[in-house]
Every structure is written in structure tokens, then in C-alpha cells.
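Just so it is clear, none of the values below were taken in a lab; they were calculated from the coordinates. No experiment lies behind these values; they were computed from the predicted model shown. A quick note on method: Cβ atoms are made from the backbone with ideal geometry, for glycine too, and the neighbour counts reach across all protein chains shown.
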Amino acid sequence: MSHARRRRGLAALLVGVAVLATAMLWRVLPTVFFAITVAYVLYPLRQELCRRGLAARLAAGVSTLVAFLAAFVLVAPVTYVLYVRRGQVLGLFRQFPKTVPISVLEFDFVIDLTVILASIQGTVISSAVAWARAAPVIALKAFLFTFLVYALLLRPGSAGATLFRLVPSEYHGILSALHRRVRDTLYAIYVLQAATAFGTFVIAYVVFAGLGYPQAFALAVVSGVLQFIPVVGPSIVIVGIAVGDLLAGDVTAAALLLAFGLFFVGFLPDALIRTRLASMTAEMPGSLYFVGFTGGVLSLGLVGFIAGPLVVAVLVTVVKLASRNSLTVQTTLD
């Protein structure tokens with residue numbers, strides 16, 4: 001058997017085993033995916049720790065601890081708001097008027113918000129209950145996530161080396177280009193987005209607390225989470241609360257919130273944090289990121305907010321590589 005045929009056979013076997021493993025591990029596949037992408041992002045940290053003299057196991061352990069703490073910092077406030085502080089969140093919606101009278105020319109209309117407010121309150125309560133019931137499963141997945149990240153960081157070069165051996169040498173440049181795109185996209189999602197979301201949370205808490213809102217912590221958490229959603233962002237929270245204040249007759253509070261909130265919460269985190277960290281990532285058009293985010297979340301759920309933009313970024317890179325190859329071939333023929 002020739003070396004090329006053996007390599008093709010091993011590649012086919014790898015694909016088959018990967019498909020089988022995907023089918024068998026479907027219930028924990030999002031956790032496995034998150035672990036792989038997080039290990040991808042933490043690989044430079046692991047390498048830097050090794051260069052500073054740490055043993056491979058210790059460097060992998062420290063990097064894994066960083067991943068665990070980062071995940072805890074992101075998840076814990078959301079859990080706290082949904083379960084412990086859900087009363088304050090519900091109180092925020094209870095202050096909205098049940099009906100809103102509107103006059104247009106000589107016609108009077110009354111908009112009934114009862115059904116909408118009841119639906120929102122029911123969603124908050126059901127989410128808190130579901131979160132509490134799923135606590136054992138979440139704990140098991142957290143352990144699996146930590147274990148996988150550590151294992152991947154302990155031997156980070158195994159998968160890449162295997163892939164480069166199975167792929168013919170003339171395609172190694174394509175693999176390297178895809179590797180750079182995946183790395184930059186994951187940095188954009190995890191590092192840049194997470195840092196901007198945390199900055200938004202801190203600034204939003206100061207703004208809401210300074211303006212006297214009793215639900216300042218819950219509103220700040222929601223603002224930080226919405227920073228992960230392109231186009232919408234935390235500004236929708238500012239506008240929504242301002243509309244509620246306006247409907248309740250508090251024009252001054254609505255004006256102050258719009259003036260301070262849109263600037264400090266909606267604009268400042270992007271201007272201060274995102275621009276400083278943008279050099280770490282390859283810029284991706286906002287429209288493509290929005291398409292990837294929306295399609296990924298609608299198709300895959302929570303894991304889609306990572307997988308969607310990542311797939312779109314890889315697709316863009318493949319299209320660029322194909323167009324360059326076409327131009328090279330055309331130039332040669334000319």
C-alpha cells in the first residue's frame with residue numbers, strides 16, 4: 001500500500017470515528033465544543049507560562065484555572081439575578097403601567113400591556129426554576145469542561161500534528177490560514193467580547209445606582225450579557241427602561257437615563273475597551289458577525305453564539321483563498 005493511499009485511509013477513518021463520536025456524545029457536544037475553543041484561546045497563555053519555566057502540567061493547570069474562573073465570573077452574576085434577585089427583576093416590570101392611552105388626531109386608543117408583562121414575568125420565573133433544577137447537570141458539565149480544557153492544554157500539539165500529517169503538504173498553507181482565522185475569531189468572541197461585557201457591567205452598575213434604580217445590579221448584568229448580542233447591545237435596556245419611566249410619568253428620570261445611559265453604557269465600553277483590544281483580532285465585518293450570531297443561536301442554541309460567527313469567518317477565509325487561487329490560475333493561463 002502506497003503512503004498516499006494509507007494517508008487517505010487514515011483520514012477517512014478519522015472522519016468516520018469523529019462522526020460516530022459526535023452521535024454518541026451529542027448531549028455533551030456543546031460542552032466539548034466550548035472546551036476546545038477555550039483551550040484554543042488559552043494556548044498562548046500556556047506557552048508563555050512554559051517559557052517562564054513552569055512545567056507542562058502546571059502550566060496547563062494554571063491556564064485551566066484561568067478558564068474556570070473566567071467562566072464563573074460570566075455565569076455567576078446571571079445565575080444570581082435569575083434565582084436570588086428575581087424579585088427585583090419582577091418588581092421592575094410591575095412598575096410599568098398596565099394600560100397606555102394614546103390619542104391620534106380625534107381618535108383615542110388604549111394599549112393593554114397586561115399580557116406582555118405577564119409573559120415576561122412568567123419567563124423570568126420559569127427560567128429561575130429551570131436553572132435550579134438543572135444545577136446537578138450544570139455541575140457535571142462544568143467538571144467535564146474543566147477536565148477537557150486541562151487535557152487539551154496538557155498535550156496541545158497532538159491534534160494539529162495529526163491533521164498536518166494526514167493532509168498533503170500542498171494544502172498546509174490553507175490549514176495555516178484557517179488556523180489563523182479561527183484563532184482571531186475566537187479571540188474576538190471570547191477575549192474582546194468578554195472584556196467589553198465586563199466593562200459594560202461595571203459602568204452600567206455605576207450609572208443605574210447613581211440614578212437611584214433599586215434594580216441596579218440586575219440591570220447591569222442584563223446590560224453586560226446583551227453586549228454579546230451584535231447590533232442590539234445594552235442600549236435596548238436603556239431605551240426600554242426610559243420608555244417605562246416615561247409611561248409612568250417620570251420625564252426627568254427618562255431624560256437623565258437616556259443622556260447618561262446611552263453614552264456611558266451604550267457607547268463608552270466600545271470606545272474604551274473594544275478599540276484597545278481590536279488589534280488582537282482580525283477585524284470581521286459587523287454584518288457578517290450578526291448573520292453568524294443570529295443563525296448560530298437560532299440553529300444550535302447557546303453554543304451557536306460561538307459556532308455561528310466561527311463558521312461564517314471560516315467560510316469568508318475559504319472564499320478569499322479560492323478567489324486568490326482563481327486569480328493565480330487565470331494569470332498563469334494569460
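Below are the figures for this structure:
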read-out	value
Residue 288-residue 33 FRET efficiency (beta carbon distance; Förster radius 22 Å; 0.05 resolution)	0.60
Sequence of 49, 175, 69 once ranked by neighbouring C-beta atoms within 10 Å, starting from the fewest	69, 175, 49
Residue order, fewest to most beta carbons within 10 Å, for 169, 176, 223	169, 176, 223
Difference of contour (0.36 nm per residue) and Cα-Cα distance, residue 262 to residue 243	5.5 nm
Spin-label zone in the range 285-324 - amide nitrogen under 18 Å from a point set 7 Å from the Cα of residue 170 along the C-beta vector	321-324
Likely footprinting exposure, 314, 232, fewest C-beta neighbours within 10 Å first	232, 314
Virtual spin-label span in nm between residue 79 and residue 151, 7 Å along Cα→Cβ	2.3 nm
Residue 178-residue 324 pseudo-label distance in nm [points 7 Å out on the Cα-to-Cβ vector]	1.5 nm
Residue 270-residue 19 FRET efficiency (beta carbon distance; Förster radius 41 Å; 0.05 resolution)	0.50
Karplus (6.51, -1.76, 1.60) ³J(HN,Hα), θ = phi - 60°, over the range 36-52, in Hz, Gly and Pro reported as x	5, 5, 5, 4, 4, 6, 7, 4, x, 5, 4, 5, 5, 5, 5, 5, 7
Two-site label geometry, residue 52 and residue 68: point separation in nm, points 7 Å out along Cα→Cβ	1.9 nm
